Amino acid sequence: MSLKTTLSVIAIAAAATMAQDKAYSGAELYTNDTWMYGKFEARMMMAAGSGTVSSMFLYHNDSYLGGNEPWVEVDIEILGKNPNSFQSNIITGYGPGDGQPNRKVTSEDHHAINPAANASFHTYGMEWTPDYVAWTLDGQVVRKTVKGQNDKNQVQDLGKKPQGLRFNLWSALDANWVGQFDESKLPLYQYINWVKVYEYKKGAGDNGTDFKLLWTDDFNTFDEGRWSKANWTFEENRVDLTPNNIYAKDGMVILALTRKGQESFNGQVPKDNEPSPESSSSQQNLSSSSNVPPTSSSSEFNPFSSSSGSTGIMPNRAKQMPGKEIRGTVNAKGARVNEANKAHYQVDFNF
């Protein structure tokens, strides 16, 4: 076995051990499919406790790879220290790797929420087109970044790769960003009442818009063909993301942040005064559709094939599989993760 292989195995084994030692558990939910442009909406009551992040974001699954693979990400993040606002962000450019420096570009902004994100349900939305990116709150545009208007080329650069939709709840070690962690607030929960995904159809969308509804999920059941659950961690996260902290109950999906060994939900699901939309059973399901194929599919994935993407703002998070380096995706701040449906096994066969 080469020295390179030996060092890689040692590093991944150490990362896996570190993950198993974490005292807290969080959650990440992500779509199995990705899309090139679209509109994405979710009706949610977010979690909020100092030191936490509760999010909805778009992400190119291979952004973590670095080098010359483009980073593509659009964020909505509730930073637990201030649930009266959310942070919007675009991340583009290139992460470090292959001898390259970190060349990522960000554009954070903050937007008021009333009532607070953890006190009431709100409808959060992102519109992604070749010409602009917009963030909406309860149907109102709160930020719009237009191509060519001092946007650091971010709108153009987002068009380099398709993105999937993700939600996660975790705790960052960066107190300057999210506040000091307050363990007494646990458990914390993010409630997702429904999600809508729209296809970008310029001039040919619903009701004269540029977006055509592809599917609605009201979570009366959990669709494993549409969604997957994270099972990984990363260095700048004080929690392990686990499938055991994602629950379907009373027509909602619930993401939890708990102490390790206390992964459960026995509470009352808060009532959303807005009626849930119709179930996706009457909508087109991208997982089985032949006339509107997704840009990627887990059924086409070869775990030993070569794939590209870009690196994260924070260090690598490794799935707990010692002996192999697992490549994957990242969270809303850009931390590298493993993605179960598109993992990339980097094995050095130079013995």
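Observations on the model:
- Those aspartates and glutamates that a straight Cα-Cα span of less than 15 Å connects to Lys22, excepting residues fewer than 8 apart in one chain: Glu183, Glu235, Glu236, Asp240, Glu263
- In this structure, the amide hydrogen of Trp194, modeled 1.01 Å from its nitrogen in the peptide plane, lies closer than 5 angstrom to those of Arg43, counting only residues at least 5 positions away or on a different chain.
- In this simple spin-label approximation, Ala248 and Asp109 carry label points 7 Å from Cα along the Cα→Cβ vector, and these lie 3.7 nm apart.
- Cβ-defined net charge surrounding Phe121, 12 Å radius [Lys, Arg +1; Asp, Glu -1]: -1
- Hz values of 3J(HN,Hα) by residue in the stretch 55-71 - Karplus curve (6.51, -1.76, 1.60), Gly and Pro given as x: 9, 9, 7, 9, 7, 6, 4, 9, 4, 5, 5, x, x, 9, 8, x, 8
- When the listed pairs Lys201/Lys249; Lys39/Lys229; Lys160/Lys249; Lys160/Lys212; Lys39/Lys104; Lys104/Lys202 are checked against a 31 Å cut-off, the alpha-carbon distance exceeds it for Lys201/Lys249; Lys160/Lys249.
- Charge tally in the Cβ shell below 15 Å around Met46, where Lys, Arg are +1 and Asp, Glu are -1, Met46 excluded: -2
- Counted by Cβ distance under 9 Å from Thr92, the other residues give a net charge of +1, where Lys and Arg count +1 and Asp and Glu count -1.
- Tensor-based shape of the stretch 7-161 (alpha-carbon gyration tensor, a/c under 1.5 rounded, otherwise prolate or oblate): oblate
- Dipole of the stretch 96-161, positive direction: furthest Cα of Tyr132, Asn150, Gln100, with charges on the beta-carbon: Gln100
Where a number appears in this text, it was derived from the coordinates with a stated rule and is not lab data. Here the structure is a predicted model, which is why all the values come from computation and not from measurement. Cβ atoms come from the backbone with ideal geometry, glycine included; neighbour counts cover every protein chain shown.
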